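I have placed the structure first, in the form of structure tokens, so that the comments after it can refer back to it.
The values are calculated or read from the model by the stated rules, or taken from the named source; none is laboratory data. Just so you know, these numbers come straight off a predicted model, no measurement behind them. SASA here: full protein model, heavy atoms, side chains in, ligands and nucleic acids out. Shrake-Rupley method; radii C 1.70, N 1.55, O 1.52, S 1.80 Å.
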Amino acid sequence: KVYSLRSNCWRRIKDVCFYLKFNREFGFLANNALHWMVFKTPQSDNRNLVGFNLRSEEFRFLELPDFCLDKAFWFGIKAMGGDLCLTATYREINNVVVDVWIMKEYGVKRSWIKSISWNKPHNISDSPVAAPLAFSKNGNKVLFNIAYKWCNLVKRGGKFD
């Protein structure tokens, strides 16, 4: 159901066919839609990104970058500068890798762009998910929750300043 402030009542909308496994998942607003990472079945381990358009009151699945299909990863997803931003933290042999992806054109899978990728980020063992907090005005740096330092996107591999 959806509550309308305008009509001051609850209204039933089309049934949803996905599951939130974690009660503490909050949706985030981007492109006039609330978004969540969900599962298509209760038994599934594969996460899917779904958006609820506040204007049309319809749900829509958004495709993740291809890398997400074959890796076990910790994720963080949010709106950054009006775009969807996905942070994936995963292990490769003896390294921990953090990738930050930005969806430049809403709803278009091929518009996901990897803006940064680096191995062994500082203090990653304390927090499995490296979440971006902000981008600099010129877009060359991103502030992460890892030691609250700016990471320079222009330097090869992303270097902390």
query: Each residue of region 45-52 in order: what ³J(HN,Hα) in whole Hz does its phi give by Karplus 6.51 cos²θ - 1.76 cosθ + 1.60, θ = phi - 60°, with x for Gly and Pro?
result: 9, 8, 7, 10, 9, 10, x, 10
Residue-normalised accessible area of region 1-62, given per residue in Å² at a 1.4 Å probe: 78 Å²
- prompt: Under a 5 Å amide H to amide H cut-off, with H placed in plane at 1.01 Å, what residues pair with Met80 once short-range neighbours are removed?
  reply: Cys85
- request: List, in order, the whole-Hz ³J(HN,Hα) value for each residue of region 101-112 obtained from phi through the Karplus relation with A = 6.51, B = -1.76, C = 1.60 and θ = phi - 60°; use x for Gly and Pro.
  value: 10, 10, 8, 6, 10, 3, x, 10, 4, 5, 8, 5
task: Return the subset of Lys14/Lys104; Lys40/Lys104; Lys14/Lys114; Lys1/Lys40; Lys40/Lys114; Lys78/Lys137 for which the Cα-Cα distance in this structure is over 23 Å, preserving the input order.
output: Lys14/Lys104; Lys40/Lys104; Lys14/Lys114; Lys40/Lys114
